[in-house]
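The values are calculated or read from the model by the stated rules, or taken from the named source; none is laboratory data. Everything quoted here is computed from the prediction, not taken from an experiment. When we count neighbours, we look across all protein chains shown, and the Cβ atoms used for this are built from the backbone with ideal geometry, even at glycine.
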Amino acid sequence: MKSTKILPQKVNGLSGSIVIPGDKSISHRGVMFGAIAKGKSTIRNFLTGEDCLSTIDCFRKMGVSINLTDDVVEVEGKGFLGLTEPSDILDVGNSGTTTRLILGILSGNTFHSCLIGDESIAKRPMNRVTAPLRMMGASIDGRSEGGYTPLAVRGKKLTAIDYVSPVASAQVKSAVLLAGLNATGVTSVTEPAKSRDHTERMLRAFGCEVEEEGLKVSIKGGQALTGTEITVPGDISSAAFFLVAGAITPNSTITLKNVGMNPTRTGIIDVLTRMGANLSIENERVVNFEPVADLIISTSALSGIEISGDLIPRLIDEIPIIALLASQASGETVIKDASELKVKETNRIDTVVNELTKLGVDIQSTDDGMIITGSTDALNGNQVSSYGDHRIGMMLAIASLITEGEIQLENPESIAVSYPNFFNHLEQISVNK
């Protein structure tokens, strides 16, 4: 039976501050890199969402001692080849990042392992990663010739490749680079556009040399990682929901603290600025090679824009909440070049259009995006679904702030994948008097 949560109706404003929980992408990598490093690593402000806990579980099954206390993780690294053959299946849950990045690590080890995930993961394409890993000599089998989970990996000695990726994907790039650490020669990945670069930054934090030239990233095999301390910045993909909330909810000013401002991830900032949002950036700093800042957002008069091209990889996960933002802007917003949305936790083009249409938004799907005609009218209440997708669930919860009538959200528990305290934070800043 599906669970349902009745969301709070239209609020009188938003006020206060939120400390954004740790970045999901960086939290995953902190555990993975700490596990294959030599020595102890400590990861602070770790995101304790379900996806990141799946990563911890997988590496514990490969013999890595990992201690989690509140939001601090201590990893006793075993070195790249110190991992041991798991006696159980590695269950990645709902985490595409865990699945694809861990394949790069498993491919160059000496043992056999099996990966499985939930129903959503079983539908997500893995051949974009398994294909280049096989070019390096990896032995990977699974449904549709290794295109989908479950996957079986038999670790082998790998050989470096110069890979030209057909997609701008940090998961593809990271899997190949991680395999390259245990390959003979220099491995490179060239992308059609720059994807998020957390892997490159964190490899340097763990003492590795990484070369970058334009859209090409290279790493020399045989390098050893050294345990270190990582402080995870707040996840800008999580912050995006509250940035939009502050911009579209009347009588609002909120501060979001400790937000990661990696330039490969700040497309949402560019969109808000171009649409005319009342946004300021303060207390800019750099922590563990990653830029961080505090963001202040207030109620804004917004205008529709076109979102396309090289901007898309920098905000692909934020498009559901950007669609809601566009619904409250004057004029038309066109989102294109975003066919990658079709292979996320859901087909996010279809789910965004379906659910926002239920709330009265004028939105149409296209082959590679959507077209939204904005209006400042309040949205309608209705019964909606997250489809088990955390970002769809959070988008619909933010929509309830400007909705006349009750929203009933099916599968609200999916939000815990990336933001366990989401509803607490939403209540914390809501003004209902």
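What the table shows:
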{"item": "Among residues of the range 61-93, those that are within 17 Å of G227 (Cβ to Cβ) and either under 24 Å from the mean Cα position of the chain (by Cα) or among the hydroxyl-bearing types (S, T, Y) (or both), counted", "result": "8"}
{"item": "Single residue of the range 409-433 satisfying the filter (touching an Asp or Glu at 6+ places or on another chain (Cβ under 8 Å) and among the aliphatic types (A, V, I, L, M)) that is surrounded by the fewest Cβ atoms within 10 Å (Cβ to Cβ)", "result": "A416"}
{"item": "Number of the condition not met by D377 [criteria: (1) of a type outside the set (G, A, S); (2) surrounded by fewer than 24 Cβ atoms within 10 Å (Cβ to Cβ); (3) touching a residue at least 24 places away in the same chain (Cβ under 8 Å)]", "result": "(3)"}
{"item": "Pairs, first closer than 9 Å to I312 by Cβ in the range 334-352, second among the acidic types (D, E) and buried (at least 16 other Cβ atoms within 10 Å of the Cβ), C-beta under 6 Å, six or more apart", "result": "K336/D368; D337/D368; A338/D368"}
{"item": "Out of K157, K173, sole residue that is in contact (Cβ under 8 Å) with a residue 24 or more places away in the chain, of a type in the set (D, E, K, R) and either over 30 Å from L315 (Cβ atoms) or not assigned by TED's automatic domain parsing to the domain that holds L90 (or both)", "result": "K157"}
{"item": "Candidate set: the range 130-158, residues that are buried (at least 16 other Cβ atoms within 10 Å of the Cβ) and among the hydroxyl-bearing types (S, T, Y); chosen: the one nearest to I89 (Cα to Cα)", "result": "T149"}
{"item": "Members of the range 21-49 found to be in contact with a Pro (Cβ under 8 Å, 6 or more places away or on another chain) and outside any strand (DSSP E or B), listed by number", "result": "P21, D23, I26, N45, L47, T48, G49"}
{"item": "Residue in the range 110-131 that is touching a Cys at 6+ places or on another chain (Cβ under 9 Å) and not hydroxyl-bearing (S, T, Y) present", "result": "yes"}
{"item": "Filter result for R285 (touching a Ser or Thr at 6+ places or on another chain (Cβ under 9 Å) and either touching a residue at least 60 places away in the same chain (Cβ under 8 Å) or of a type in the set (K, R) (or both))", "result": "no"}
{"item": "Subset tally (residues that are among the hydrophobic types (A, V, I, L, M, F, W, C) and surrounded by fewer than 24 Cβ atoms within 10 Å (Cβ to Cβ)) for the range 207-224", "result": "4"}
{"item": "Contacts under 6 angstrom Cβ, first residue in the range 118-132 being under 20 Å from I105 (Cβ atoms) and touching a residue at least 12 places away in the same chain (Cβ under 8 Å), partner buried (at least 19 other Cβ atoms within 10 Å of the Cβ) and hydrophobic (A, V, I, L, M, F, W, C), 6 or more apart", "result": "R128/V172; V129/L103; V129/V172; V129/A175; T130/I140; P132/V176"}
{"item": "Looking only at the range 186-219, and only at residues there that are touching a residue at least 40 places away in the same chain (Cβ under 8 Å) and of a type in the set (K, R), the one that is farthest from L83 (Cα to Cα)", "result": "K194"}
{"item": "Residue match in the range 90-103 (condition: out of contact with any helix residue (DSSP H, G or I) (no Cβ under 7 Å at 6 or more places or on another chain), within 27 Å of R60 (Cβ to Cβ) and not acidic (D, E))", "result": "no"}
{"item": "Qualifying residue in the range 83-104 (condition: in a helix (DSSP H, G or I) and surrounded by fewer than 19 Cβ atoms within 10 Å (Cβ to Cβ))", "result": "no"}
{"item": "Conditions (1) in a strand (DSSP E or B); (2) under 29 Å from T228 (Cβ atoms); (3) touching a residue at least 12 places away in the same chain (Cβ under 8 Å); (4) of a type outside the set (D, E): number failed by I297", "result": "(2)"}
{"item": "Elements of type helices (runs of 4 or more DSSP H) contained in the range 328-433, each with 1 or more residues being touching a strand residue (DSSP E or B) at 6+ places or on another chain (Cβ under 6 Å) and more than 28 Å from S308 (Cβ to Cβ)", "result": "422-429"}
